[in-house]
Structures are given as C-alpha cells and as structure tokens.
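Read the figures in this text as sums done on the coordinates, not as results from a lab. All values derive from a computational prediction rather than experimental measurement. Note: ideal-geometry Cβ built from the backbone for every residue, glycine included; neighbour counts use all protein chains shown.
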Amino acid sequence: MTGVIPVVVPGRPAPEKGAAKKPAPHRTRAEKRAAEAAATAEKAASPDTAGVAKAASGRPAKSAGPPAVPVPPGPIAPVPASVAAPKPLRAAKAPRTPKAGRDLPAAVGVGLTLLVLVLGSLLFFPLAFVVVATVFVAVGVWEVSRAIATRGIRLPLTPVFVGTVAMPASAYFAGSEGLLFALVASAGATLLWRSLDPEPGAVKSILAGVFVLMWIPFMLSFVLLMMQDLRPPTLGLTLDFNTMNPGVIEVVIMLFLVVANDTFGYLVGVLFGKHPMAPKISPKKSWEGFAGSMGGAMLVAIPATVFFLDVHWWVGFVLAVGMVFAGTGGDFAESMVKRELGIKDMSNLLPGHGGVMDRLDSILFAAPVAYATFSLLGQL
C-alpha cells in the first residue's frame, strides 16, 4: 500500500503520531460535487492552498517535487567581540600647549631675528637703529591705542603719533633736554587737540593719550639717551670698533640683560616653577623663575661690564639686580593693563611672542634704570 503523507490544515489539530488511519466515509455524488466546487473556489482564491483543498476533498495532493525535509537548526556561532562591542571613538587630541603657554620654536626664531636686526643696526649704523626703535615704538602705541579703544576710549591719534616720532629723534640729537621738551609739547598738543573735539569723553581720552606718551615713547627714548656722547651723533656706518661710542656698548649690554632675564626666567620657571609671584596679575611668573632671572643676569652683567666697559665688578652686580627688577616690573605693568582691558596679547604680529608691546614691556622699564646706573656708577 502506498503511504499517505499527513497534511496539516490550518485550524485543524495535527493527527497524532502512530494513530491508525480512519477510512474515508462513504459520500454521495452530490456531496462529492459540493466538495469539488469548494476545492475549486479555494484554489482560485489561493493557489498555495490547492493541495490542502484536495486533501480535504479526499484526494491526495500532487507534489511538484520531493517533500521538503526540515533541517534542525545548528549552533549559532558567537559574534566576535570587535563586532559585538565596537570600540568607542576617541576624542580628537587637543594641540599640545607648552607649560608656559608659548610656542617655543616660533618664539626663538622671531627673537633671534629681532636681535640680529637690532644689534646689526646698533653696531654698524646707529641712525638706522634710531629708525628701527621709532618704528617699534609707533607699532606699540598703535597696539595700545587699539586695545584701549575696546573700552570705548579713543586716543587723539594725531598728536600722540607726532610725539611718538619726535621723542626718540629728540633724545638722540638733542639729549635729555630735547626729550623733555618733546614730551611736554606732545602732552600739550594732546590736551589742546582733544579739547577742541566736541565728542564726549574728552577727559578719559586726554589722560589715556598722555599715559601712552609717557609709558612707551618717553621711556624707550632713554635707550637713545645712553647713546649720547661728547662727540656729535653718528650718521653713517661705523666699522671701526676701536672708536665706537661707549654708549652703544652700554645699550648692547642692557639688551643682553633683558634677553637673559626673559630666557633664564622662562627656563627655570618651566622646569621648577611652583610658587607664583602675583597669581592675579601674571600667574605664570614664579619665584623660582625670578631667581633664575637673577642668576642669569649676573652671569651676563658682571663679565660684560668688567671686560667691555672696564669698571668694577660690583657695577655689573648692581646693574643685573636693577635690570631684573625693572624687567619684571615692566612685565607686570603690561600684564595689569592687559588684564584690565580683558585681553591676552596686545596683538599677534610676532608669532610666539604676541605683539610688539609684549617684547617692549621689559625694555621700557629697564632703559631708565640702565641709564641711571651707567650715569651714576659708570664713572666710579
């Protein structure tokens, strides 16, 4: 006998395994016709249920191919950990900032370039040095006037810039009397110019203008006073170092002391600085860096004054102490102005340094101290 494959019809219970097959009941011709009609209707409605309808009518369903044999599901392979739990994305690394907040390679490159420019003009063409100094002073005045303008205070730029150019030239060609006259005339011109302007805020503008004139061009002009000699000012090239003006050597020593103050203070402060000098004014200035500045300045000042100026060693000692205190005070003074104005640097003209005023701040206070030291002690 041919076996009959049991068919499960939806809605009907599956036949029990091993149960005996019941013979199909005897139906009349009318019942068979009704069953065939129902099977035809189901086939037209859903072709997939044709075999089910034929089985219901008592006829075996024709299979288009061998019956599908169910395959038992195999074990599921474990998902690799790299796929199941992807690694979290790492945040982009922020650019590395030096401890002292300065781009050291750029600062060294710009510093050496400025040093060569200043020393070359000072030693070989003093008149060119006067021009270079005047340009730096004018840029510094422009930076400060722009920073002050952020607080709504506008400087009378015309008289301020005229005085900025006049004071260095007066100091070089006319000495201390010429410098004092240029300062008084510039301050008076600033007062008169702003008083004739009907724009409000005249008092603040005048005070700011006089402050800038005394802070930048007047104090830097002491560098040019140091170049004064009994001989007339040098206008051409100076190639004979035997007849060089001693004031030029004094300016060179002062500049090297300012560089030593900044360099040794920076290096020692970065390596060992733990105790800030004035956290509210300049948080990165430490007492350890100040001690490094003092030691470095003495290493430069004592041999330089003894061998190049032929004076007593203690003159170099006094000069080094004065330069370090003056340079640090100038740095603090500019930091206080910047903190009051709410800015970090005066500008970004010099990569690694900030603005021109960020390089002039120490020289502005060091120049009068060096001038006084050489004038009082240099003759002893």
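Length gained on full extension, F173 to K32, computed as 0.36 nm times the residue gap minus the Cα-Cα distance: 37.2 nm.
With contacts taken as Cα pairs under 8 Å and at least 6 residues apart, segment 311-378 reaches a relative contact order of 42 percent. Here's how it looks for K285: its modeled amide H is under 5 Å from those of M277, A278, which are all 5 or more places away or on a different chain.
Amide H contacts of D345: none lie under 5 Å away among residues 5 or more positions distant or on a separate chain (H built 1.01 Å from N in the peptide plane; Pro and chain starts excluded).
Taking R0 as 25 Å, what FRET efficiency do you get between D345 and F124 from their Cβ-Cβ distance, rounded to the nearest 0.05? E(calc), rounded to 0.05, equals 0.20. When Rg and Dmax are taken over the Cα atoms of segment 236-380, they come to 16.3, 50 Å.
Rounded to whole numbers, the Karplus 3J(HN,Hα) couplings from phi for segment 190-203 are 5, 4, 5, 4, 6, 5, 7, 8, x, 5, x, x, 5, 5 Hz, using 6.51 cos²θ - 1.76 cosθ + 1.60 with θ = phi - 60°, and x at Gly and Pro.
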